[in-house]
1. Would you mind stating whether HIS42 is at pLDDT below 90 and in a loop (DSSP other than H, G, I, E, B)?
2. Give me the pairs: first residue in the stretch 210-226 and farther than 14 Å from ALA197 by Cβ and small (Gly, Ala, Ser), second residue at pLDDT 90 or above and part of a strand (DSSP E or B), beta-carbon distance under 9 Å, and six or more apart or on different chains, which are they?
3. If only one of SER32, SER11 is buried (at least 19 other Cβ atoms within 10 Å of the Cβ), polar (S, T, N, Q) and at pLDDT below 80, which one is it?
4. Of the conditions (1) more than 25 Å from ASN136 (Cα to Cα); (2) modelled with pLDDT of 95 or more, SER94 satisfies every one except a single condition; which number is it?
5. Within the stretch 68-81, is there a residue that is at pLDDT 90 or above, in the same structural domain as LEU134 (by TED's automatic domain parsing), on the phi > 0 side of the Ramachandran plot and of a type in the set (Gly, Ala, Ser)?
6. When both residues are 6+ apart or on different chains and their Cβ atoms are under 6 Å apart, which pairs have a first residue that lies in the stretch 237-262 and is within 17 Å of LEU180 (Cα to Cα), and a second that is assigned to a loop (DSSP other than H, G, I, E, B) and modelled with pLDDT of 95 or more?
Amino acid sequence: MAQWQSGGLQSVPIAGSTPLEVLPLLHRRDGSAKGAGILGAHVEGPFISPEKKGCHPKQHIRGFGSDPVKAIQKVYGSTENIAIVTIAPELDGSDVAIKYMSDHGVLVSLGHSTAGLVAGERGVAAGARSITHLFNAMQSYHHRDPCLIGLLTSKMLGNRTMYYGIISDGIHTHDSALRLAHRTNPEGLIVITDAIAALGMGDGVHKLGDCVVNVRGLNAILEGTNTTAGSVASMPYCIRHLAKAARCPLEEALICATEKPGEISIGPEFHVKLSQFQLRSWA
């Protein structure tokens, strides 16, 4: 409901690393006056790096084993209700898994990963087209190995666009990093909120699956740690913050939250005609 109230007509809710019996229960649904529609789930995990798990429960994280396709079918059941899946490309068997998911119409995004650039490029060669919340839950950029961040300028892409989500809430990603990403690859930038269920609930202690999260302002911290447990910023806030941090027009930031997600799911023919709207911004 909070997504609908913030202007989201369709959403791709995140399902983290959860018990095996949960993921097959996910279903798409049409939107209504009661809330935004669900285009399918963004399943972050369980095929991710335990070293970059963020707030994902470690006991549910797993590898692909000897048969990646069978592992996928066991964990997800049908891929029918999955729109996006995040996979760590350094895991053994990830190339087979990425190709299988891509061939079944699922957008594969790379993230929650310790991968270097070479492993990231193998993931792209297998069919991955996106990076999950750039800069967060991945190896930092290094001049000798830029890791997944280096995919933004990888020569293997040719004329293809590398799309990437970025959390522009002013908490997850420093304004200088937002500006750097925007100037490096504005064509692939997709504004995301990474919002958790506590969005719109106010300050206090909230449950996130099996986890307890303390919310203060725009900070959502996993209890007993210094780990950020997702965001409680709305989409309008993140759009405005990107425009301010990247020093780009509000219209351009809005495109990153509307047209760019449409491009990656529908194709380059998807366009949003902002000329039909009168844009106004409130602080």
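The values are calculated or read from the model by the stated rules, or taken from the named source; none is laboratory data. Keep in mind that what you see is a predicted model, and the values were worked out from it rather than measured. Neighbour counts are summed over all protein chains in view; Cβ atoms, including those assigned to glycine, are modelled from backbone coordinates with ideal geometry.
1. For HIS42, the condition - at pLDDT below 90 and in a loop (DSSP other than H, G, I, E, B) - is not met.
2. That search, which allows pairs on different chains as well, returns GLY224/VAL212.
3. Working: SER32 fails: buried (at least 19 other Cβ atoms within 10 Å of the Cβ).
When all the criteria are applied, what remains is SER11.
4. Going through (1) more than 25 Å from ASN136 (Cα to Cα); (2) modelled with pLDDT of 95 or more one by one, SER94 breaks only (1).
5. No - not one qualifying residue is present in the stretch 68-81.
6. CYS238/SER168; CYS238/ASP169; HIS241/SER168; HIS241/GLY170; LEU242/SER168
A quick yes/no check of all residues on (1) touching a helix residue (DSSP H, G or I) at 6+ places or on another chain (Cβ under 9 Å); (2) modelled with pLDDT under 95:
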| position | (1), (2) |
| --- | --- |
| LEU110 | yes, no |
| VAL118 | no, no |
| MET138 | yes, no |
| PRO146 | yes, no |
| LYS155 | no, no |
| GLY158 | no, yes |
